[in-house]
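Colleague: If you scroll down you'll find the structure; I have some questions about it.
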Amino acid sequence: MQSNTVFEADWNSAVSPERLFLELHSDNNDHPNITPDKQSFVPTSLKNIRRATQILILATIAETPFILNKEVEQPTPIVQYQGPSYVQYVSIKRNDLLFPDDPINEIIDSLDSDERYEAFLKKNSSGYFPMTPWTFLSSYAYSPQSLQEHNWKAPCNGFAEFACEVGTRHGKKMYLLGLWPDGERAPSTEGNTLEEHKHRSSWHLIAFYKSYNEQAQEYQYVIFDNDTVTTLEPGQLLSSYTKDKYYDVIKPMGGIAEWKRVPDDWRAKIARHIGTTIEEDDIKATARKPMQSISIAKK
């Protein structure tokens, strides 16, 4: 029996989590042949995982109220609002993208457009799919500092959290959108990749903000999905994006939640999704018309 354990898998890995688990306990990777001893090992291991998860949940419940009630300082927006319009202070270090190991606050301040944000993540980040409850909880919604310490590698929730931190710093009203799988949707014909499996059977988290397109006189959404930024057409609903990504309609509980910085604890971060989904008409838009722009050059 091999001693290594798979804790995560790359987004582009062309294998399902179930197959990964079986291959760990098989002498033949092409045709898993589980012996009677190994047949009993599989359900026993799964039972132990469930039992350990239950114990972990019970052990942490007692501390949860103290974690949730702890006040946390919110990001100070570079954009200072004054009614429907605002004064924008743009922090500039240099025209090119900063290095991934530069001071994290300078990186955040430099990502002053959605295009620069996307370019930075596509150049420096990578994602994975947690394979165990421990990996999921220990990596859930990294803070910017933790994301950098982990070499810009995170699950979807880590990048959603970073998008909200950056967006709020630059004066955007950020929201989280939890996508729950549609089990009735048929598998894609593009192949049985881990990403396809995830969309069919796993929860996914993205971030977004809402702006007003004056030319079209319609609201439109800007969506941050891992390392990709997508701007929907004016008037296009959020649900149209979720359906294109193999997810069902937005759920009435925990679907859309207003983002705010909470204690750096997975319980507090997951608790943001507990509650009634915010209706699209109630989502606050980010003002887009600056009164003036003041550049602060940094050497």
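Colleague: Among residues belonging to segment 140-185 that are among the hydroxyl-bearing types (Ser, Thr, Tyr) and closer than 24 Å to residue 252 by Cα, point out the one that is nearest to the chain's Cα centre (by Cα).
Modeller: The extreme case among them is 140.
Colleague: Still on this structure, please answer the following. Against the definition (modelled with pLDDT of 75 or more, open to solvent by 40 Å² or more (accessible area, probe 1.4 Å) and farther than 14 Å from residue 209 by Cβ), how does residue 265 come out, yes or no?
Modeller: no
Colleague: Being surrounded by 15 or more Cβ atoms within 10 Å (Cβ to Cβ), part of a loop (DSSP other than H, G, I, E, B) and at pLDDT below 70 is the filter here; which residues of segment 84-106 pass it?
Modeller: Correct list: 93 only.
Colleague: If a residue has to be among the β-branched types (Val, Ile, Thr) and either under 25 Å from residue 203 (Cα atoms) or not in a helix (DSSP H, G or I) (or both) to count, how many in segment 107-153 make the cut?
Modeller: 2
Colleague: Pairs only if they're at least six apart or on different chains, beta carbon under 7 angstrom, first in segment 68-83 and part of a strand (DSSP E or B), second modelled with pLDDT under 85 and aliphatic (A, V, I, L, M); list them, first residue then second.
Modeller: Final answer for the pair search is 80/87; 81/287; 82/291.
Colleague: Looking at residue 248, is it touching a helix residue (DSSP H, G or I) at 6+ places or on another chain (Cβ under 8 Å), modelled with pLDDT under 90 and among the charged types (D, E, K, R)?
Modeller: yes
Colleague: Now for a separate question. Just give me the residues in segment 255-282 being assigned to a loop (DSSP other than H, G, I, E, B), among the hydrophobic types (A, V, I, L, M, F, W, C) and in contact (Cβ under 8 Å) with a residue 24 or more places away in the chain, in sequence order.
Modeller: Hits for segment 255-282 are 259, 262, 278.
Colleague: Could you list, in sequence order, all residues of segment 223-254 that are open to solvent by less than 50 Å² (accessible area, probe 1.4 Å), closer than 10 Å to residue 206 by Cβ and assigned to a loop (DSSP other than H, G, I, E, B)?
Modeller: 226
Colleague: Additional query: So, residue 242, is that one out of contact with any His (no Cβ under 8 Å at 6 or more places or on another chain) and closer than 22 Å to residue 171 by Cβ or not?
Modeller: no
Let's see how each residue does on (1) free of Cβ contacts under 8 Å to residues at least 60 places away in the same chain; (2) surrounded by fewer than 16 Cβ atoms within 10 Å (Cβ to Cβ):
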| position | (1), (2) |
| --- | --- |
| 115 | no, yes |
| 121 | no, no |
| 133 | no, yes |
| 136 | yes, no |
| 143 | no, no |
| 150 | yes, yes |
| 154 | yes, no |
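The values are calculated or read from the model by the stated rules, or taken from the named source; none is laboratory data. Predicted model, so just to flag it, every value in this text is computed and none were measured. Please note: Cβ atoms are built from the backbone with ideal geometry, for glycine as well, and neighbour counts cover all protein chains shown. Just so you know, the surface numbers come from the protein's heavy atoms only, side chains and all, with ligands and any DNA or RNA stripped out. Shrake-Rupley method; radii C 1.70, N 1.55, O 1.52, S 1.80 Å.
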